[in-house]
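J.: Would you mind keeping the following structure in view while I ask a few things?
The values are calculated or read from the model by the stated rules, or taken from the named source; none is laboratory data. Quantities reported herein were computed from a predicted structural model and do not represent experimental measurements. Heavy atoms of the whole protein, side chains included, go into the accessibility calculation; ligands, DNA and RNA do not. Shrake-Rupley method; radii C 1.70, N 1.55, O 1.52, S 1.80 Å.
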Amino acid sequence: MPIVPIRWVLVRDPHRRFEPQALLCTDSDRTPEQILCWFIQRWQLEVTFQETRVHLGVETQRQWSDPAIARTTPCLLGLFSLVTLLAAQLRPSERNAAASSAWYRKERPTFSDTLAAVRRHIWCEQGFLTSRHGGHGAKPRQALQHAW
């Protein structure tokens, strides 16, 4: 490969909350601001890919052929988008419910929390939630009974 010039951008936190980091770019005509914006945009994409790996099984498909994997990966990324869009339609109290523990408090819900909120909403709509109280619960809706 031929040698190419590299533009270095050093990012330092004046409050010293994180270590200095060097960003590299092979397009020497780009400004440091543009390189930093690209890094920030990439971070959001990396988080999306990590969440789809952990919660939806991207890269762990059990198909034996590359074409099968090429078909399922876009479907799983579409599922990630669908869950995100469905969560946006939930009431804020449902959407922002984040599971926490005594040793770890979350300010905002993760994708795992969002996926759980969408599941709970769908189950509630379909009559699959169980009651904590005794007695008879409401019967599933007519359309669901026909689907069974």
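J.: I'd like to check one number: the per residue accessible area of the range 1-64, probe 1.4 Å, reported in Å² as a whole number.
T.: Ligands and nucleic acids excluded, the figure is 90 Å² per residue.
J.: Would you work out what percent of the accessible area of the range 1-112, with all protein chains in place, is carbon or sulfur (probe 1.4 Å)?
T.: 58
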